[in-house]
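K.L.:
Provided herewith is a single structure, encoded as structure tokens, for subsequent inquiry.
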Amino acid sequence: MIGLLGEPNRRAIFEFLARRPSSVGEIAEQLPISRPAVSQHLKVLKDGGLVVSRPEGNRRVYSLNPDGVAAMRAWLDGVWTDALASFHKFAEQTVADETAGAEHRNEEKP
């Protein structure tokens, strides 16, 4: 899911939609890419579950999908939790190794 936002223009579209729902034309006016390119990026985001659309007159208005964003956030929270747990384990081991080394050096002194 996070790979969906790896492309800079797609990420810009996602961030734009986070501020307000918009049509393809409104998005294209704000970015240095064409309307067809915006449409292609929106399709990828929609297929990935991060964006939804609704008809409004003769256009479609796109917005973030709260369920997709929640799933992405849950995944990121899990990655962050794992990273912090690994860092904590590493820090504890480093302190234990340094403490053991200091005790060993103190035992060698006459």
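The values are calculated or read from the model by the stated rules, or taken from the named source; none is laboratory data. Everything numeric in this text was worked out from a predicted model, so none of it was measured. Counting neighbours? That spans all protein chains shown, and the Cβs are built from the backbone with ideal geometry, glycine included.
K.L.:
What's the number of the condition residue 34 fails, among (1) assigned by TED's automatic domain parsing to the domain that holds residue 16; (2) surrounded by 12 or more Cβ atoms within 10 Å (Cβ to Cβ)?
P.N.:
Here residue 34 clears every test but (2).
K.L.:
Now, a different point. Before we move on, is residue 86 in a helix (DSSP H, G or I) and of a type in the set (Ser, Thr, Tyr)? It would help to see each step written out before you state the result.
P.N.:
Details: in a helix (DSSP H, G or I): yes; of a type in the set (Ser, Thr, Tyr): yes.
Against the criterion (in a helix (DSSP H, G or I) and of a type in the set (Ser, Thr, Tyr)), residue 86 qualifies.
K.L.:
Output the residue which, of all residues in the stretch 55-110 that are over 35 Å from the mean Cα position of the chain (by Cα) and among the polar types (S, T, N, Q), is surrounded by the fewest Cβ atoms within 10 Å (Cβ to Cβ). Reasoning before the result, please.
P.N.:
Our first condition is that a residue be over 35 Å from the mean Cα position of the chain (by Cα); within the stretch 55-110, this holds for 97-110.
Retained after the next criterion (residues that are among the polar types (S, T, N, Q)): 99, 106.
Values: 99: 10, 106: 8.
The residue in question is 106.
K.L.:
Hey, another quick one. Would you call residue 84 outside the structural domain of residue 48 (by TED's automatic domain parsing), in contact (Cβ under 8 Å) with a residue 24 or more places away in the chain and not charged (D, E, K, R)? Spell out the reasoning first.
P.N.:
On the way: outside the structural domain of residue 48 (by TED's automatic domain parsing): yes; in contact (Cβ under 8 Å) with a residue 24 or more places away in the chain: no; not charged (D, E, K, R): yes.
Spelling it out, it is not the case that residue 84 is outside the structural domain of residue 48 (by TED's automatic domain parsing), in contact (Cβ under 8 Å) with a residue 24 or more places away in the chain and not charged (D, E, K, R).
K.L.:
Is the stretch 50-60 home to any residue that is in contact with a helix residue (DSSP H, G or I) (Cβ under 9 Å, 6 or more places away or on another chain) and farther than 19 Å from residue 9 by Cβ?
P.N.:
Pass one, the stretch 50-60, residues in contact with a helix residue (DSSP H, G or I) (Cβ under 9 Å, 6 or more places away or on another chain): 50-53, 59-60.
Applying the additional criterion that residues be farther than 19 Å from residue 9 by Cβ yields 52, 59.
Scanning the stretch 50-60, I find at least one residue that is in contact with a helix residue (DSSP H, G or I) (Cβ under 9 Å, 6 or more places away or on another chain) and farther than 19 Å from residue 9 by Cβ, so the answer is yes.
K.L.:
Would you confirm, using the coordinates I've provided, whether residue 52 is surrounded by 10 or more Cβ atoms within 10 Å (Cβ to Cβ) and either touching an Asp or Glu at 6+ places or on another chain (Cβ under 7 Å) or modelled with pLDDT of 95 or more (or both)? Before the answer, list the steps.
P.N.:
Working: surrounded by 10 or more Cβ atoms within 10 Å (Cβ to Cβ): yes; either touching an Asp or Glu at 6+ places or on another chain (Cβ under 7 Å) or modelled with pLDDT of 95 or more (or both): yes.
Here the answer is yes, as residue 52 does meet what is asked.
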